[in-house]
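Following: one structure in structure tokens, then a few remarks.
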Amino acid sequence: MSADALSAAEAGLVSCTTCHLLSRPAETANPGYCPRCGAGLVWRRRHSIQYTWALIIAATIFYIPANALPVLTTTALGSTESDTIIGGVIFLYTSGSWPLALIVLVASVMIPLGKLIALAYLLIQVQRRQVRNRHDSARMYRVVEFIGRWSMLDVFVDAFVVALVQLQPLMSVEPGPGVVFFMGVVVLTMLAAQTFDPRLLWDTPLERQALDG
Amino acid sequence: MAEPPRSGEIPQATAVRPKRGRISVIWIIPILAALVAIGIAVQRILSVGPTIIIVFTAAEGIEAGKTFIRYKDVNIGQVTAVRLTNEYKQVEVTARIEKHAAGLMVQDAKFWVVRPQISLTGVSGLSTLLSGNYIGFEPGASEQSANIFIGLDVAPVVAGQAGREFILNSGDVGSLSIGSPIYYRRLPVGQVTATDLQPDGKAVQIRVFVRAPYDKYVVTGTRFWNASGIDVSVGADGINVRTESVVAILVGGISFDVPPFMTPGEAAPEDTVFTLYDDRVAAMKAPDPLAKHYVLKFNESVRGLAVGAPVTFLGLPAGEVTKVGLAFDVVKGDIRPRVEAVFYPERVIELASAKEAALAEAFRQDEQKRRAFIRRMVEERGLRAQLKSGSLITGQLYVGIDYHPNAPKVKLDFSQESPEFPTVPSDLADLEAKVGGIVDKIDRMPLEAIGNDLKKNLESLDQTLTSATKLITNADEQVLPGLKASIEDLRRTLGAVERAMNNADASLLQSSAPAQQDLRNALQEFTRAARSLRILMDELERQPSSVIRGKTDTGGK
């Protein structure tokens, strides 16, 4: 694969976003439908950059309460304790299980933040029409999209713990408001990764101008 | 959309400005997110109450983020930080107070660490065993808000209860301690809240708290006394045991009441100072405004006479001994016991009957009249003081004032401050002489001779017994054979009776026996009679009228 390879759009062709079949557009203005799977064909997703930005900003806003508010409220023998994600990491670390602390830190704090930064980085590159290292950028995008489906780990753990640990009146666990925001971060980031059109990474500045709707 | 450009071609400028920067609907999402986040932030900021600092000497069980400040079992704040302060001598606890409780943070509010306490007076703070220690809170009365407080080392005994505090002055604390109960008519109504020395260090101040509504019984005339432990007093009037409750025995206690001679005044205001009496008797004792001191000189041992021993007038309590000492008579070369006693004329006057009330009042008022009366009693009737034995076991003595008409005449001299009251020798010497006489008589008894006689008697009794034994042996040999024969006869008779009975059996029970036959006939007869009766009953059921009208033909049968 070479960076100098002709892109489909350059060749006057359009690829299907669903089944990736390369076909000739019905018209230039309106590429029509994929002859194989019947999905609508677009040269580039409409408003891809704008949509992705909006979702990333929304996710970033939610990222703050997700970390500031407690995700779990534990009531054990009459004493109530609320833990934020970072609080949980610190608790795990101080209680000696640093591998667990590391997992939670990576999965719940670093990955969501990393995804947001990665997507923002890609968007800025595309917007400035200077994609420096297209291969690395493309790989970055693939990783972001792949990780997305595993990001709800925290929410799942929360849900499990809340459902299982209900030993009233000795001990009970309730979800905190932070978990809702955390879920919002994950869902919005996944949607942002979906709306981003990776084909933009390969477009030359001239094409971008031409393809921009 | 324009024609797809070819590489290297110079793009064609467009005549119309390309439509750019259209704002998509998607921007609603971040705007909504921002609104939600801001909303939550505003709510959090608004709900945050003031942050206060409490300085404790020790922060036992206080943890940041886990310890709550509780008032009436409601969490009103949470500890956010604990750190050392003041050159590492004290602990500074920072706590965030909930907004709704912000108004309670006034200057004289009290904070203390609640921990489980098990003492004789009760168990408190048990809930902390499960939930961990917490900081207790009691609001103050001040209007001035504050945010730095000094925590109490000990929980106030009476947190959040209505009632009043009073101050008691006492020589020492005795067995009282913080938490010792206060009793009113043996009902626990309060507690000791503090014990402290007075500034000069010569007495103690005890702060007591009496709960509402019982605090209204503490009035201006109330007297408090120490009800600690078991009060056992052995005096000339016997053994007296008094206690308030088992708790009071163990941890001490204070009782209060209004003495009967006082008219209860108005409810005493907060922090009224009272005297703490040593015991109930001291507290309930009426102040005797009329106290007349007399000196008694005895000619005998006063062993057993203690200060406080009663002085009785014709057997009724009228005063007490205040001092037991010696009187030195240099001229005669004589030392005699000298007893000082106080006499309360009012106690005697009070006992006058209703008719003599006017007279009693006159005696109470007029000292000259009283003196004249006493002088007459002493000089004409022979009123004398005498040592008397209160208890033979303990040897306690008291002073009894009684009439001794045969006593030598004396003059009563009221000119001295403490007049000398004439005495007579006690009866104790007589008693001793009598007992001595009895002992002498016992001594003179011919105990030895009696013993010898007794011995002889016993010997003859022995002989008698021996003869008796012989007699019985003879009886055995001579009487028994006859008895044996008699028994043999009896047995034969019984055999005959048995045979007779057997015959009777046969005549009655065999089917052919005549008696049996008769019985069978009788039973058959009875069966027939029963059958007829049944028929009659059936008939009556069908035709009840047949009793009156006789049997009708249609009636069947």
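All of the numbers you see were taken from the coordinates with simple rules; none came from a lab. Since the model is a prediction, treat every value here as computed from it, not as a measurement. Here the Cβ is made from the backbone with ideal geometry for all residues, glycine too, and neighbour counts use every protein chain on show.
Against the empirical 2.2 N^0.38 Å scaling, what ratio does the C-alpha Rg of segment B:26-90 come to?
The reported ratio for this selection is 1.72.
Principal axis lengths of segment A:1-109 from Cα atoms, whole Å, largest first?
Answer, in whole Å and largest first: 70, 28, 24 Å.
Can you check what the net charge comes to around A:VAL71, using other residues whose Cβ is under 11 Å from the Cβ of A:VAL71 (Lys, Arg +1; Asp, Glu -1)?
-4
If eta is 0.890 mPa s and T is 25 °C, what Stokes-Einstein diffusion coefficient results for segment B:273-421, Kirkwood Rh from Cα pairs, in µm²/s?
145
Which peptide among B:433-439, B:147-153, A:91-97 comes first, and what is the full order, when sorted by highest mean count of other Cβ atoms within 10 Å?
B:147-153, A:91-97, B:433-439
B:THR275's amide H: which non-local residues (gap 5+, or another chain) put their own amide H closer than 5 Å, with H modeled 1.01 Å from N in plane and none for Pro or chain starts?
Correct list: B:ASN169, B:PHE224.
Which of the peptides B:527-540, A:109-122, A:51-64 is most tightly packed, and how do the rest follow, going by the mean number of other Cβ atoms within 10 Å of each residue?
The packing order, highest mean first, is A:51-64, A:109-122, B:527-540.
Taking the Cα-to-Cβ direction at B:ILE450 and at B:LYS99 and moving 7 Å from each Cα, how far apart do the two end points lie in nm?
10.5
Work from the charge dipole of chain A (Cβ charges, +1 for Lys and Arg, -1 for Asp and Glu, about the Cα centre) and give the residue of A:THR28, A:VAL106, A:LEU167 farthest towards its positive end.
Of the candidates, A:THR28 comes out farthest on the positive side.
Loop-only trypsin sites (Lys or Arg not before Pro) in segment B:305-368, please: DSSP not H, G, I, E or B, and at most 11 other Cβ atoms within 10 Å.
Here the trypsin sites (Lys or Arg not before Pro) that fit, given the DSSP loop and packing criteria, are B:LYS332.
Only helical DSSP H runs with n ≥ 4 go in: add -39500 (n - 2.57) per run for chain A, normalise by residue count and round the 222 nm mean residue ellipticity to 500 deg cm²/dmol.
Rounded to the nearest 500, it is -16000 deg cm²/dmol.
In whole Å, what are the extents of segment A:1-43 along the principal axes defined by its C-alpha atoms, from largest to smallest?
30, 21, 11
Can you give me the Kirkwood hydrodynamic radius for segment A:96-174, using every pair of distinct Cα atoms, in Å to one decimal?
After inverting the pairwise mean of 1/r, the radius is 15.2 Å.
Which order do peptides A:186-193, A:123-130 fall in by mean Cβ count within 10 Å, highest first?
Packing proxy ranking, top to bottom: A:186-193, A:123-130.
Please report the net charge: other residues with Cβ closer than 15 Å to the Cβ of B:VAL106, K and R +1, D and E -1.
Charge balance near B:VAL106 sits at -2.
Using the Karplus equation 6.51 cos²θ - 1.76 cosθ + 1.60 (θ = phi - 60°), what ³J(HN,Hα) coupling, rounded to whole Hz, does each residue of segment B:55-65 give in order, writing x for Gly and Pro?
Taking θ as phi minus 60°, the curve returns 9, 10, 7, 8, 10, 5, x, 8, 10, 5, x Hz for segment B:55-65.
To two decimal places, what compactness ratio does segment A:47-212 give when its Cα radius of gyration is scaled by 2.2 N^0.38 Å?
Rg over 2.2 N^0.38 Å, computed on Cα atoms: 1.25.
Tally Lys/Arg at +1 and Asp/Glu at -1 over every other residue whose Cβ is under 14 Å from the Cβ of B:VAL302; what's the total?
So the surrounding residues net to +4.
With charges set only on the Cβ (+1 for Lys and Arg, -1 for Asp and Glu), what does the dipole of segment B:360-449 come to about its Cα centre, in debye to the nearest 20?
It comes to approximately 380 debye.
To the nearest whole number, what is the average tally of beta carbon atoms from other chains within 10 Å of the beta carbons of peptide A:179-186?
Mean shielding by partner chains, rounded to a whole number: 1.
List every residue whose amide H lies under 5 Å from the amide H of B:SER426, counting only residues 5 or more places away in sequence or on a different chain, with H placed 1.01 Å from N in the peptide plane.
Under 5 Å from the amide H of B:SER426: B:LEU387.
Through the Karplus equation 6.51 cos²θ - 1.76 cosθ + 1.60, θ set to phi - 60°, convert the phi angles of segment A:102-111 into ³J(HN,Hα) values in whole Hz; use x for Gly and Pro.
Result, ordered by residue: 5, 4, 5, 4, 5, 6, 9, 10, 6, 5 Hz.
Name the residue from A:VAL155, A:GLN194, A:ALA138 whose Cα lies farthest towards the positive end of the charge dipole of segment A:101-197, charges +1 on Cβ of Lys and Arg and -1 on Cβ of Asp and Glu.
A:ALA138
B:LYS292: which aspartates and glutamates have alpha carbons under 18 Å from its alpha carbon, excluding same-chain residues fewer than 8 sequence positions away?
Leaving aside aspartates and glutamates fewer than 8 places away in the same chain, those within reach of B:LYS292 are B:GLU320, B:GLU340, B:GLU346, B:GLU350, B:GLU361, B:ASP366, B:GLU367, B:ASP402, B:ASP413, B:GLU417, B:GLU420.
Suppose each label sits 7 Å from its Cα in the direction of the beta carbon; what would the A:PHE146-B:ASN169 distance come out to in nanometres?
9.1
Calculate, in whole percent, how much of the Cα-Cα pair population of segment B:367-503 lies beyond 23 Å.
The calculated P(r) of segment B:367-503 puts 71 percent of pairs beyond 23 Å.
Here is the link list: B:LYS323/B:LYS411; B:LYS409/B:LYS434; B:LYS66/B:LYS89; B:LYS72/B:LYS110. Which ones come out longer than 18 Å on Cα distance?
B:LYS323/B:LYS411; B:LYS409/B:LYS434; B:LYS66/B:LYS89
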